[in-house]
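Here is the structure we will look at.
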Amino acid sequence: MRYLKIAAVGVLALGMSSYAALGTMKAGVAYQGAEPDNGAYRPGMGLNGFVDADRAMGATAGGLGLRADYEHYRLEGDQATGSDLNEGGVALTGMVGPNLLRFQPKVGGHVGYSRLENNNYLDLGPDLSADLKFTPSVGLHALVTPSWFINQDRTDYFGTKLGLGVIWSIPGA
């Protein structure tokens with residue numbers, strides 16, 4: 001099963017590289033805070049890394065991307081039972097927004113895989129992002145990701161992640 005996940009990510013990466021042949025490749029890393037749907041845990045802290053392939057389409061720009069993230073949730077207060085939680089995942093994203101030079105707000109969605117301790121989840125939700133470019137290659141990236149985590153044993157939960165970090169762009173990659 002592990003090799004199937006690695007193969008799926010490889011196929012997605014190849015598809016993104018062919019999609020990006022005439023566009024812009026972006027990569028970034030962000031500090032991320034997350035709010036779980038469980039009052040027994042404090043908001044989580046972690047990292048978010050992503051790769052995007054964008055294309056200009058007239059007055060709009062849009063693209064596909066891969067995002068990976070990790071969060072650590074600490075137990076709230078002096079809870080005698082339980083332990084801290086770790087969550088990690090990977091998602092395919094699709095975003096679209098106005099084709100602006102310096103400030104690029106985008107809206108879209110994601111579908112992916114997430115693992116919280118010993119449980120596997122399907123991760124679905126909308127994405128809102130904004131990039132502020134300081135130079136043609138470097139900028140600031142902000143992301144808001146509400147997520148619905150779906151599990152086969154009906155232990156679904158909701159969470160929201162907020163990220164702030166840096167991006168690097170490579171035009172025409």
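Counting residues in segment 74-84 that are part of a strand (DSSP E or B) and modelled with pLDDT of 85 or more gives zero. When F149 is tested against the conditions (1) open to solvent by less than 20 Å² (accessible area, probe 1.4 Å); (2) under 11 Å from the mean Cα position of the chain (by Cα), the lone failure is (2).
Return the residues of segment 24-35 that are under 17 Å from S147 (Cα atoms) and open to solvent by 20 Å² or more (accessible area, probe 1.4 Å); say none if nothing qualifies. Across segment 24-35, the qualifying residues are G33, E35. Might you check whether a residue that is under 30 Å from S137 (Cα atoms) and open to solvent by less than 30 Å² (accessible area, probe 1.4 Å) occurs anywhere in segment 72-83? Checked against the condition, which is being under 30 Å from S137 (Cα atoms) and open to solvent by less than 30 Å² (accessible area, probe 1.4 Å), segment 72-83 yields no hits at all.
With respect to the conditions (1) open to solvent by 70 Å² or more (accessible area, probe 1.4 Å); (2) assigned to a strand (DSSP E or B), L100 falls short on a single one, namely (2). When segment 118-146 is limited to residues that are open to solvent by 70 Å² or more (accessible area, probe 1.4 Å) and among the polar types (S, T, N, Q), the one that is farthest from G94 (Cα to Cα) turns out to be N118.
Answer with yes or no whether R115 is over 17 Å from V29 (Cα atoms) and either open to solvent by less than 20 Å² (accessible area, probe 1.4 Å) or part of a strand (DSSP E or B) (or both). Against the criterion (over 17 Å from V29 (Cα atoms) and either open to solvent by less than 20 Å² (accessible area, probe 1.4 Å) or part of a strand (DSSP E or B) (or both)), R115 qualifies.
The values are calculated or read from the model by the stated rules, or taken from the named source; none is laboratory data. Owing to the predicted nature of the structure, the values given are computational and were not obtained by experimental measurement. For accessibility, only protein heavy atoms count, side chains too; no ligands or nucleic acids. Shrake-Rupley method; radii C 1.70, N 1.55, O 1.52, S 1.80 Å.
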